[in-house]
């Protein structure tokens, strides 16, 4: 039995001191279908994977469209900019529009954007299509919010962990599948095949996902108010800002590695194929394990410890990553540590921020993921420029800097008790 109930800060129905409308408390007597969370995990993984297809293909796409090494990161960055726009403009609709119609509609439009990317005749068309892919891939976050809203609080961490584990798996398989399919049938086949898979998932999700919204029936709620209140929520609650800043730094480090690693791996002394470069992402499969484990730890009240350990591992991961030019085994070890750390912190963040205002789950997760997207874009662009300027050592320094900054931020705020966020540490 899942409870959906609004909360108010200081006895007020809004955020930031305003008298904003709040959703009525209600209890759902019908449990969601058993297959719902696994299906959402699969759909989330497939959707988020579309954002990462370009990473093992960057060198090939650069050659095909005559882009220099310093511009390769633009392919990742433009996708992340689209993703950031979608997080702010589309994800909040989950608190207003019927979730089944919203999810299936966005999946259908995502399939069209993937089709456009696969058929792009030039660099400008490809970049525009990739921005559209990023914009619509945020459907994954709408599904995360739906899974959290449909799950009782006592099991919410595990549900979020399962769905996020699907996202992690999708990111990892995206690189492997894109690399293998590009070697077999060319880079265009990657996007065309994904378009077909997305259509099939849209049909399956429509059959399983219950209709409704987390804040259905809330009076005075409009689209403009939803978008504005997303910003207001983060102004009102320090926990959201701190966890968002951690997400920005953590995913900047994540993107620094995975946006640049194709360049040293494709050249001497390794000269790996698309398939080998893509399959290298599987070394980070520990991230999926971390997502599920972090969900269980959060349900046990260990969010603070999970965050600290995760950030320490993230900083340490750059020691073996720095040896990529000498040893592929060192890169594999570093990738395992980095992906494990990133996903442990990510799941912890999402579980904590959803509890701040459960009735505004879609808006909060959407706003939080704007920080994620900004960090991913920053890491991609910074890594490309660093590699073009001073090679892999500069990339390693950049990733280490992001990681240490995140660890220092956590250390400085770990004992803070933000007003309006309830008792307990961050």
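A few comments on the model shown:
- Filter pass, residue 108 being modelled with pLDDT under 85, in a helix (DSSP H, G or I), in contact with a helix residue (DSSP H, G or I) (Cβ under 6 Å, 6 or more places away or on another chain) and surrounded by fewer than 21 Cβ atoms within 10 Å (Cβ to Cβ): no
- Scanning the stretch 243-273 for residues that are part of a helix (DSSP H, G or I), at pLDDT below 85 and surrounded by fewer than 24 Cβ atoms within 10 Å (Cβ to Cβ) turns up 263, 266.
- Residue match in the stretch 211-221 (condition: surrounded by fewer than 19 Cβ atoms within 10 Å (Cβ to Cβ), over 22 Å from the mean Cα position of the chain (by Cα) and at pLDDT 80 or above): no
- Residue 291 being modelled with pLDDT under 85 and either more than 30 Å from residue 267 (Cβ to Cβ) or in contact with a strand residue (DSSP E or B) (Cβ under 8 Å, 6 or more places away or on another chain) (or both): yes
- Any chance residue 425 is farther than 30 Å from residue 139 by Cβ and modelled with pLDDT under 85: yes
- For the stretch 171-193, filtering for residues that are under 25 Å from residue 338 (Cβ atoms), crowded, with 24+ Cβ neighbours inside 10 Å and modelled with pLDDT of 85 or more leaves 2.
- Condition met for residue 240 (in contact with a helix residue (DSSP H, G or I) (Cβ under 7 Å, 6 or more places away or on another chain), within 30 Å of residue 402 (Cα to Cα), at pLDDT 85 or above and buried (at least 18 other Cβ atoms within 10 Å of the Cβ)): yes
- Residue count for the stretch 380-414 under the criterion of being assigned to a helix (DSSP H, G or I), under 25 Å from residue 349 (Cα atoms) and at pLDDT below 90: the result is 3.
- The residue of the stretch 94-105 that is surrounded by the most Cβ atoms within 10 Å (Cβ to Cβ), among those that are at pLDDT 90 or above and either in contact with a helix residue (DSSP H, G or I) (Cβ under 8 Å, 6 or more places away or on another chain) or closer than 28 Å to residue 62 by Cα (or both), is 103.
- Some residue of the stretch 71-87 being over 22 Å from residue 374 (Cβ atoms), touching a residue at least 40 places away in the same chain (Cβ under 8 Å) and over 19 Å from the mean Cα position of the chain (by Cα): no
- Residue that is surrounded by the most Cβ atoms within 10 Å (Cβ to Cβ), among those in the stretch 137-164 that are touching a helix residue (DSSP H, G or I) at 6+ places or on another chain (Cβ under 6 Å) and farther than 24 Å from residue 339 by Cα: 146
- Residue match in the stretch 66-77 (condition: modelled with pLDDT of 85 or more and assigned to a helix (DSSP H, G or I)): no
The values are calculated or read from the model by the stated rules, or taken from the named source; none is laboratory data. Worth saying up front: this structure is predicted, and the values here are computed from it rather than measured. Ideal geometry is used to build each Cβ from the backbone, glycine not excepted, and the neighbour counts take in all protein chains shown.
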